[in-house]
Every structure is written in C-alpha cells, then in structure tokens.
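*Asks:* Structure in structure tokens, see below.
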Amino acid sequence: PATMAKRKVKNNKRKKEEEEKKDVVAVEETTKNKKKPKKGGKQKKEEEDLPAIAYADDSDSSVSSEEEEEAEAKPTKAVEEKQEESDDDEEDEDEELSDEEDETPPPPPPQPPIKPTFKSDGRYHNKQRCLIICSRGVTARYRHLLEDLRTLIPHHKKDSKLDANKSSVGGVGKAVNDIAEVKGCNTVMFLECRKRGQDAYLWMGFTSPESAGPSVRFHVSNVHTMDELRLTGNCMKGSRPVLSFDSNFDKVEHLKLLKNLFVDVFGTPRGHPKSKPFVDRVMAFYWADGKIWVRNYQIIQQVPTNAKEAHAEKKATGSDLATSLCEIGPRFVLDPIRIFRGSFGGQTLYVNSNFVPPTAQRALVNRNKGRDYEERKEAQEMKKKRDREIVVPEDPLGDVFK
C-alpha cells in the first residue's frame, strides 16, 4: 500500500509538470507570432507616408516585447525550480523504492510452457495388433493368466488353442506366423506348456512380413492371476497404461531390445477403437536376479477432506492431491532364455548362460531324494556293524542265584 501511494503521488506530479510545460510552449508560440513582421504592399506604403509614426510604433513594440520576455522568463524560472524540486523528490522516492525492492525477495523465474511432442489429429494411425494364443495342454492357471493379459491389451486378436506338433511342416512357429498373417497382426504372444503343464514358456516377437523378428523365448514362473490375488486395485477396461522400466533397460544391450518389444506389445496405440482415452494404471518392468518382474498398478489420487490435510499434502509434495499406487494384478516373472533374429527361429542373438531348465532342477531334486535313501540304508548297516562289534564281558557272579 505504501508503494502504491508513492506511485500515485509521483504520477500526479508528472501530470502537473507536463501541463505547465504545455502552457509555456503555448506562450512562446504566441510571442513568436507577434514578433514576425507582416509582409505586404500596404505596410510599405504606410511606412513611406508616415515614417515618424512608424518609428514611434516600433519603439513601443520593442519596449512591450522586452516586458513580455521578462514576464515569460519569470514563470519559466519558477517552472525550472519546480522541476528541480520534483527531480529531487523523484530521486528520493526511487532510492526508497530500491531499498524496499532489495528487502523483498526476487520473484521466481517464469517456467517455460510445456510443448506437446506431437499434434494429434485424433485418428488411429499406429495400427498395432497383437496375436495372443496358447497351445493345447495349458492348465487353468496359465489359461487365466492369458485372459488377464487379453484384458490388459485391448488391441489383441485371439484364436483357438493351437494343436501343432514339431513333426508338422514348419513346426509350431510356421503355424503361429500363418495365423498372425491371416489376422493381420504384427506382434505375437504364444504360451506353451510342457511336462503336463508343469513348465510354461512364453514366446514374444514380431511377425510382420517386412521384418519377421526378432523373437524371444521366456520361462514363466511365480504366476498369480487377478482372481487369485484378490487385490483392491481396479482400473477402467481398455485404458492406456504408463509403461515404467527399470534403469537397467537403458544400460544392458539385450534389455534395450526387450524394452522396444514390450512397448509394442503392451503399449496401447493412441486412438484405438477398443481403447479408452484415460491413463489410470502403470505397468512396471523390473530387472532383478537376472529376471524380469512384471507388475500392474492403479494410479489413485486421493482428495483431502479438509484444508489442513490439503495444506500438509501441498507442503510435502507440492500438490493438493495425494497420488499413490495400488496393485491390480496379474503378476509374473519372465526369465529370458534365448533371443532369435527371426520369428520363432533363426540366428541366435543372445543366450542366457545362467538359465537352468526346470527339468534339470527336478532331476537334481530326485537325485537328492535318491541320495537320501542311500544315506538311510548306509546308516542302518553302520548300526548293525556297531551292534556286532559291541562285546559284553562275562559276569563272574552271574551263576550264583541259579
């Protein structure tokens, strides 16, 4: 308020000075117009006829002009004195304002506006389609996992269970590529089970005829479906996810390739007919223990109930809304086995040397069980041997009471 009052006083003084200057300029213009002699023949004739009167008039006009100049000089001096006083007052005010400005903290720098990466016309251009199928002999757990993945991927295409053997022409890969071509899909997710549903393997890759490949084979473990977990998280069906990747996906070479594959498979295209224009979930991929851990979370924004909670939340996070994550499901772990150059085959680009097949693990467990049996039998033989080696000495008084 003090600064506003000072500014008003300053503006009023400037207006008065401008008005005084305008008055002075107007007076000077009138005096100049009076000093200019009028040109014409009549004036010359009058001067020839009446020279004495003309000289007398000239003397009177010179006297009057001097008096006018003295009268004009007086207000101009007063105006100059006022201007000097106003300049001094302005300097004092400027110094006071500068002192006040120094005391007040400087305003924060303006943040640049966030520009969109691209302008969307609302049309469906990125026409990605993912074929999701499974083989015969899949157990109920993996069948429910596949249904959960179909709900998370609205741009999927499905088909009946594949019943192709290795003995058929081209094998399983040729059959899957043919189905993807018929369905118009450029990516595929094929789940197969081995050993009567004990082991599950997930194939994922590109099947477009222009660039058939690369493809990856994963071993699926630690599977938990949405119905099994009964988590509290929930999201809109068909909503677009935010794909979150661990920092290792930008450092390790084969993980960079897997990241691009996951983006094309799990990322919902913009403007897809079956998708919803909302982003209310996060799909996270983490690299730990040489495996990829997949999780699906819901984005929750909690509105504070009162002003105190809103102030505390804004002070802590910078926003009135408290954002948190709640797991939806499903959750599973992918262990990459091999990366191929083509679709379901071709040159090997990466091999996981630390991967142990589940059949080898079960064989090791059975071997350990057989070793337990052998150890138990050896312990029984050792006990019999110890019993034979124990010799009890004869008691000399043993026959006294017979």
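The values are calculated or read from the model by the stated rules, or taken from the named source; none is laboratory data. Please read these numbers as outputs of a predicted model, since none were measured by experiment. All Cβ positions, even for glycine, are placed from backbone atoms using ideal geometry, and neighbour counts span all protein chains on display. Just the protein is used for accessible areas: all its heavy atoms, side chains included, with ligands, DNA and RNA removed. Shrake-Rupley method; radii C 1.70, N 1.55, O 1.52, S 1.80 Å.
*Asks:* Hey, what's region 125-191 come to in accessible area per residue, 1.4 Å probe, Å²?
*Replies:* 49 Å²
*Asks:* Right, next: Note down the accessible area of ARG376, probe 1.4 Å, to the nearest 10 Å².
*Replies:* 130 Å²
*Asks:* How large is the dipole of region 262-400 about the Cα centre if only Lys and Arg carry +1 and Asp and Glu carry -1, each at its Cβ, rounded to the nearest 20 debye?
*Replies:* The calculated dipole for region 262-400 is roughly 980 debye.
*Asks:* Shape of region 285-402 from its Cα gyration tensor (a ≥ b ≥ c, root eigenvalues): rounded if a/c is under 1.5, otherwise prolate when a/b > b/c, or oblate?
*Replies:* Oblate.
*Asks:* Right, something else. State the extension gain, in nm to one decimal, for the chain segment bounded by THR323 and VAL392, taking 0.36 nm per residue of separation less the distance between their alpha-carbons.
*Replies:* Extending this stretch completely gives an extra 16.7 nm.
*Asks:* If packing is taken as the average count of other Cβ atoms within 10 Å, what order do 296-309, 173-186, 14-27 fall into, highest mean first? Write down the numbers at each step before the final one.
*Replies:* On the way: 296-309: 13.5, 173-186: 18.9, 14-27: 11.5.
Order by mean packing, descending: 173-186, 296-309, 14-27.
*Asks:* What shape does region 130-359 take by its C-alpha gyration tensor, where a ≥ b ≥ c are the square roots of the eigenvalues and a/c under 1.5 counts as rounded, a/b above b/c as prolate, and the rest as oblate?
*Replies:* prolate
*Asks:* Students often get this wrong: which residues of region 194-210 have the backbone nitrogen under 20 Å from the point 7 angstrom along Cα-to-C-beta of ASP289?
*Replies:* 198-202
*Asks:* Starting from the amide H of ASP246, placed 1.01 Å from N in the peptide plane, find each other amide H under 5 Å away whose residue is 5 or more places distant or on another chain.
*Replies:* Excluding prolines and chain starts, which carry no amide H, the hits are PHE285, TRP287.
*Asks:* Also, quick follow-up: Would you grab the residues whose amide H sits under 5 Å from the one on MET189? Only those 5+ places off in sequence or on another chain, please, with H modelled 1.01 Å from N.
*Replies:* When sequence neighbours closer than 5 places are left aside, the close amide H contacts are LEU131, ILE132, ILE133.
*Asks:* Can you tell me how much longer the chain between ASN366 and GLU147 gets when fully stretched, taken as 0.36 nm per residue apart minus their C-alpha distance, in nm with one decimal?
*Replies:* Additional length available on full extension: 75.4 nm.
*Asks:* Short version: ³J(HN,Hα) in whole Hz for each residue of region 350-365, in order, from phi by Karplus 6.51 cos²θ - 1.76 cosθ + 1.60 (θ = phi - 60°), x for Gly and Pro, what are they?
*Replies:* Along region 350-365, the couplings run 8, 10, 8, 6, 8, 7, 10, x, x, 5, 5, 5, 5, 5, 5, 5 Hz.
*Asks:* With a/c under 1.5 counting as rounded, go ahead and sort region 134-244 into rounded, prolate or oblate using the C-alpha gyration tensor (a ≥ b ≥ c being the square roots of the eigenvalues; past the cut-off, prolate if a/b is larger than b/c, else oblate).
*Replies:* oblate
*Asks:* How large is ³J(HN,Hα), in whole Hz, for each residue of region 234-249 in order, when computed from phi with the Karplus curve 6.51 cos²θ - 1.76 cosθ + 1.60 and θ = phi - 60°, using x for Gly and Pro?
*Replies:* Per residue, the Karplus-derived 3J(HN,Hα) values read 7, 9, 6, 6, x, 6, 7, x, 9, 8, 10, 10, 5, 5, 5, 6 Hz.
*Asks:* What list of ³J(HN,Hα) couplings, whole Hz, do you get for region 258-274 from phi and the Karplus terms 6.51, -1.76, 1.60, once you set θ to phi - 60° and write x for glycine and proline?
*Replies:* Result, ordered by residue: 5, 5, 4, 5, 5, 5, 6, 7, 8, x, 6, x, 6, x, 5, x, 8 Hz.
*Asks:* Gain in length, LYS274 to ASP227, computed as 0.36 nm per residue apart minus the alpha-carbon separation, to one decimal in nm?
*Replies:* Difference between extended and current length: 14.6 nm.
*Asks:* So, R0 is 35 Å and r is the distance between the beta-carbons of ASN234 and LYS314; what FRET efficiency does that work out to, to 0.05?
*Replies:* It comes out at approximately 0.80.
*Asks:* Is there a pair in LYS127/LYS157; LYS174/LYS291; LYS158/LYS195; LYS251/LYS291; LYS127/LYS276 whose C-alpha atoms are over 19 Å apart, and which pairs would that be?
*Replies:* LYS174/LYS291; LYS158/LYS195
*Asks:* Just to confirm, what accessible area per residue do you get for region 266-402 at 1.4 Å probe, in whole Å²?
*Replies:* Numbers: 9790 Å² over 137 residues.
Heavy-atom SASA per residue in region 266-402 reads 71 Å².
*Asks:* Also, quick follow-up: Taking all protein chains in place and a 1.4 Å probe, what share, in percent, of the accessible surface of region 342-393 do carbon and sulfur account for?
*Replies:* On the way: 2360 of 4420 Å².
With neighbouring chains kept in place, the figure for region 342-393 is 53 percent.
*Asks:* PRE reach from VAL242 (point 7 Å along Cα→Cβ): which of region 291-305 fall under 16 Å by backbone N?
*Replies:* 295-303
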